[in-house]
Amino acid sequence: MNYRVLQMAALGALMFGPAIARAHPHIFIETRLVVRTDGAGAVSGVEVQWTYDELYSMMLLDEMGLDQDYDGVLADGEAAALDGFDMNWQPGYAGDLYLWQGDGALELGAPEPLESAYEGGRVVSRHFRHLAAPVSGEVRIKAYDPTFYTAYDLGGGVDVPEGCEVSVIVADIKAAQDKANALIEELGILNTDVEYPEVGAEFADEVTVSCGG
């Protein structure tokens, strides 16, 4: 687990405390984004790699009955059982990936599973999301869970094709913490069973990609 994940976990615990434990992240995912373009150089989709944290990976394998000898190696049949394990999405689920051009959200298609593996004690899965239509110019991307149950970072990096430019604005975790605290206090839900506000976007890095002019 990298430093940024540990930082987010610590701040999440300080921010919400035991009285509102559901609001801090329970799952940590190192994310890699690979932007794809069409023949004209317009952004056509994004390949997403999720590398789950060690604890959640262990829980997944145990739940699925895999690696029962605990040697960290999956047999052929076991490895195949992982394929697509996290692609059973509920209707309306955005896949924790959001793209915009200007003020408008860009529509993404259903996930296309690519492969899954168990490497170095962590479960890794890859899938692809097509854009409804290719987009030229500047596109903004964020990977986050609105509820902040899952914390995503960009530890896997962002890859873009030749001819595209990319920049990343790293989230100000302290500012996000303060904003979430203020919102929760304003709503008066510190010690209630009411659903917590969606604060995940505040903790997410923002990627800007410019392709095709």
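The values are calculated or read from the model by the stated rules, or taken from the named source; none is laboratory data. Model, not experiment: these values are computed from the prediction. Accessible surface is based on the protein model in full, side chains and every heavy atom, while ligands, DNA and RNA are left aside. Shrake-Rupley method; radii C 1.70, N 1.55, O 1.52, S 1.80 Å.
How far, in nm, would the chain grow between A75 and L183 when pulled straight, counting 0.36 nm per residue and subtracting the alpha carbon separation?
Working: separation 108, 0.36 × 108 = 38.88 nm, distance 4.79 nm.
Gain in length upon complete extension: 34.1 nm.
Specify, per residue and in Å³, the volume enclosed by the convex hull of the alpha carbon atoms belonging to segment 46-158. Write down the numbers at each step before the final one.
Numbers: hull volume 13.5 nm³, N = 113.
In segment 46-158, the Cα hull volume divided by residue count equals 120 Å³.
What whole-number value in Å² describes the accessible area per residue of segment 38-81 for a 1.4 Å probe?
On the way: 2320 Å² over 44 residues.
Heavy-atom accessible area per residue stands at 53 Å².
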